[in-house]
Amino acid sequence: MAAVDIIVGTVYGSAMSVAESLEEALIAAGHEAVLHEEAALADLNPEHFWLVVTSTTGQGELPADILPLFSELRDNSGPLPQLRYAVAALGDSSYEHYCGGGQLFNALLQELQATAATEMLTVDASETLDPEVPALKWLQGFMAKI
Ligand SMILES: Cc1cc2nc3c(=O)[nH]c(=O)nc-3n(C[C@H](O)[C@H](O)[C@H](O)COP(=O)(O)O)c2cc1C
């Protein structure tokens, strides 16, 4: 069984609901999962899996609640080659920078030499009314890798 730190970026709460559903499903499957709101680097353990669930705001930008962690990682963190992670990105394909927030986080973790445990999930709000459904399906693939 694995330890998972869930990191959330949300403006209106959809990503938070998705993160809560993923946390519940991970715990039900016997994993140790902790959801971090407005996470700081010190709250997180790079020996754990990181599950980043974030929406996109502005023009392909990260929500304000996850930005401090992003900046801390970019500016203050050394390489994290031991870290394994996955990103679930909520967005809307009617915007130019589809799921840009998730892409930014994914690119930063790649730069820090972390390894994606599974491919990034993208959930399109213009097609999916209930983002939990594709997210929980995708989680099965993530859980198969941890
Ligand atoms: C002001 C605004 C800007 C947005 N910009 C983008 C964007 O650039 N790219 C994208 O894919 N989605 C964009 N979205 C869509 C949101 O990411 C999407 O609706 C998401 O499900 C919201 O999740 P949240 O409730 O967790 O914030 C934007 C939504 C709003 C309201």
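The values are calculated or read from the model by the stated rules, or taken from the named source; none is laboratory data. Everything numeric in this text was worked out from a predicted model, so none of it was measured. Cβ sites come from the backbone with ideal geometry, for glycine too, and all protein chains shown count toward neighbours.
Observations on the model:
- Restricting the first member to the range 22-51 and to residues that are under 19 Å from Lys145 (Cβ atoms), and the second to residues that are basic (Lys, Arg) and at pLDDT 95 or above, the beta-carbon pairs closer than 7 Å and six or more apart or on different chains are Phe49/Arg84.
- Check on Tyr85, assigned to a loop (DSSP other than H, G, I, E, B) and in contact with a strand residue (DSSP E or B) (Cβ under 8 Å, 6 or more places away or on another chain): no
- Test: residue in the range 102-121 that is in a helix (DSSP H, G or I) and in contact with a His (Cβ under 9 Å, 6 or more places away or on another chain): yes
- Only residues that are assigned to a helix (DSSP H, G or I) and in contact with a strand residue (DSSP E or B) (Cβ under 7 Å, 6 or more places away or on another chain) were counted across the range 16-47, and they come to 9.
- Beta carbons closer than 7 Å, at least 6 apart along the sequence or on distinct chains, pair a first residue in the range 91-110 that is small (Gly, Ala, Ser) with a second that is more than 9 Å from the ligand (Cβ to nearest atom) and part of a loop (DSSP other than H, G, I, E, B) for Gly101/Leu62; Gly102/Met120.
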